[in-house]
Amino acid sequence: MIISLEAHGHAADVPLPTMQDLIPVPINHFDYKYSYDLFHSHDKNADGESMQEQWETSHFPLMNDYAGDFGPDVHLANSGKQCPVTVVFLDENFANLKSGDPSLFELESIATFLPDACITIQTSRCSFQNALPVAEAMNLPVEQSIYLRIFTMVEEQTHDMIERGQVRVTFLNHEKYNLKACDDFQNFSRALMNVNYWRDEFNDRDSNNVIIVRRGGVICHHFDFEKYRDFAFVAAPLANHDKIFGESDYCNTLKTLWKANLVNASVPSPLEEKNAMANILQSCLEGVGPMSLHGSLSLFHRGKILEAIETCPHEQYSGFEMDGLSKHRSCVWRQQEDTSLYFSTVLAAMGTRLPTGIVASLFSTRDVWPEQALDVYGGPFFNYKRQVLASKYNCIYRGAGVKTTSGKEVKRTVPISLDVPLTAMVDEFQKRELLSHDVVEQCPFIKYVL
């Protein structure tokens, strides 16, 4: 669809995505609502009753690896050998979920709007509670019981992807990545800063481009992934008043973090302090906003992430031998507690391509809607140019009306994904905003997540 706007003295043709562009496939709300209502009915036996017919099957896919060529409708990269994008769905207790759990709708949003993707469910088996009578009757090993459990509880689009061989399940070694416990991945940023995670947890069919989704991340609508392929790291941008910046502005915070981690000026490095500072300043001038590692939905380029870890490894979590680490590098990341700005700082210092604040907010929104990102990080001045930018990334600029706490209606741009805090942390105003008619129309799975 093309609209014509009067801008800067002349009419401009602006491409505007239609609802058919955003939601190109039918959404089976009838079945989704049934699962959702059953989950929220507080009937302890509801899950078993709803899936009894599925449990009677004795055939289910093994999910220890991707299988086959996925079928003619799935478009693979590299002459049909590699996934165009890999999505990691991270949930340590995934196998213990019940049908209708919000996490299953988050996974369903991925299967619906990224149907060509490969999905790796990274979870744990240490606290698995088998609730399947058929698994007990078949005397299945734990891993196969988990595969069967997952196969029977997921929603229909995810189920189809499993049957096509696009989904595999892996069990993370929590000790290897310094995670809190085998069934507690809360401090997962430690794994993301570890070279072995990026080397060992992916196989030859996985893409270099990886989207990591944790509880609270939901894909809103269809988008062209190619537009984001060249970025090293993309996540919801932080607000400029975020407590992580203290009394400083975000640009000075990044420069301070980089300087604090320089350990050996005598080591030859292409990233001399003056070059790194110039790169960070240039990044800020271009409107790149800092993005946190702790969000629910992030995009990574594996090769560039490995380069960043090699350039400035975390002294405890990098996966490198700690002895003599600082002797061979000019930068070693020494902050132990707050690691959220690690990649935003190191990648900016390296001069790696990162998205501007507005482009990052069009990919994912948590605290900063795209309109607010424009105010904080800058961007096009004229509305028609803003719509051109939003259209490029498959969004409708100011296409959703939501009410503020004062009752005033404001216009929001619904992004590609929403990074929603845990339900207990979402206040009633946020719920009303996220569940407004226009937002739900452009982000249909959000109503099953909140």
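The number of residues in the stretch 138-191 being in contact with a helix residue (DSSP H, G or I) (Cβ under 8 Å, 6 or more places away or on another chain) and not aromatic (Phe, Trp, Tyr) comes to 26. Restricting the stretch 395-446 to residues that are open to solvent by 80 Å² or more (accessible area, probe 1.4 Å) and modelled with pLDDT of 80 or more leaves a set whose member that is nearest to ILE212 (Cα to Cα) is GLU441.
Within the stretch 223-241, the residues that satisfy the criterion of being within 29 Å of PRO444 (Cα to Cα) and part of a loop (DSSP other than H, G, I, E, B) are PHE223, ASP224, ARG229, ASP230, PHE231, ALA232, ALA236, LEU238, ALA239. Which count do you get for residues in the stretch 71-111 that are open to solvent by 10 Å² or more (accessible area, probe 1.4 Å), over 18 Å from SER296 (Cα atoms) and outside any loop (DSSP other than H, G, I, E, B)? So the count comes out to 3. Those strands (runs of 3 or more DSSP E) of the stretch 359-450 in which 3 or more residues are in contact with a Pro (Cβ under 9 Å, 6 or more places away or on another chain) are absent. Against the condition modelled with pLDDT of 95 or more, crowded, with 20+ Cβ neighbours inside 10 Å and not hydrophobic (A, V, I, L, M, F, W, C), how does ARG199 come out, does it pass? For ARG199, the condition - modelled with pLDDT of 95 or more, crowded, with 20+ Cβ neighbours inside 10 Å and not hydrophobic (A, V, I, L, M, F, W, C) - is not met.
Conditions (1) at pLDDT below 75; (2) open to solvent by less than 40 Å² (accessible area, probe 1.4 Å), marked per residue:
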residue	(1), (2)
THR256	no, no
ALA265	yes, no
LEU271	yes, yes
LYS274	yes, no
LEU281	no, no
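Just so you know, in the stretch 371-394 the residues that are surrounded by fewer than 24 Cβ atoms within 10 Å (Cβ to Cβ) and without any contact (Cβ under 8 Å) to a residue 60 or more places away in the chain include one that is nearest to GLN430 (Cα to Cα), and it is GLU371. Residues that are touching a residue at least 12 places away in the same chain (Cβ under 8 Å) and either of a type in the set (A, V, I, L, M) or surrounded by fewer than 17 Cβ atoms within 10 Å (Cβ to Cβ) (or both) within the stretch 226-239 comprise LYS227, ARG229, ASP230, ALA232, VAL234, ALA235, ALA236, LEU238, ALA239, listed in sequence order. Scanning the stretch 69-111 for residues that are at positive phi and touching a residue at least 24 places away in the same chain (Cβ under 8 Å) yields PHE70, GLY71, GLY100.
Condition (residue is closer than 24 Å to PHE188 by Cα, surrounded by fewer than 22 Cβ atoms within 10 Å (Cβ to Cβ) and in contact with an Asp or Glu (Cβ under 8 Å, 6 or more places away or on another chain)) applied to the stretch 361-370: is it met by at least one residue? Yes, that holds for at least one residue. The residue that is nearest to the chain's Cα centre (by Cα), among those in the stretch 186-211 that are within 12 Å of CYS118 (Cα to Cα) and not in a loop (DSSP other than H, G, I, E, B), is ILE211.
Residues in the stretch 212-222 that are outside any loop (DSSP other than H, G, I, E, B) and open to solvent by 10 Å² or more (accessible area, probe 1.4 Å): ARG214 alone. Within the stretch 11-49, the only residue that satisfies the criterion of being open to solvent by 40 Å² or more (accessible area, probe 1.4 Å), touching a Lys or Arg at 6+ places or on another chain (Cβ under 9 Å) and modelled with pLDDT under 80 is PRO15. Among the residues of the stretch 153-180, which ones are buried (at least 22 other Cβ atoms within 10 Å of the Cβ), among the polar types (S, T, N, Q) and in a helix (DSSP H, G or I)? The one that is buried (at least 22 other Cβ atoms within 10 Å of the Cβ), among the polar types (S, T, N, Q) and in a helix (DSSP H, G or I): THR158.
Somewhere in the stretch 320-342, is a residue open to solvent by 10 Å² or more (accessible area, probe 1.4 Å), farther than 22 Å from ALA278 by Cβ and at pLDDT 90 or above? Yes, the stretch 320-342 has at least one match.
The values are calculated or read from the model by the stated rules, or taken from the named source; none is laboratory data. Predicted model only: the values in this text are computed from it and were never measured. Methodologically, a virtual Cβ is constructed for each residue, glycine included, from the backbone with ideal geometry; neighbour enumeration extends over all protein chains shown. All accessible areas refer to the heavy atoms of the entire protein, side chains included, with ligands and DNA or RNA removed. Shrake-Rupley method; radii C 1.70, N 1.55, O 1.52, S 1.80 Å.
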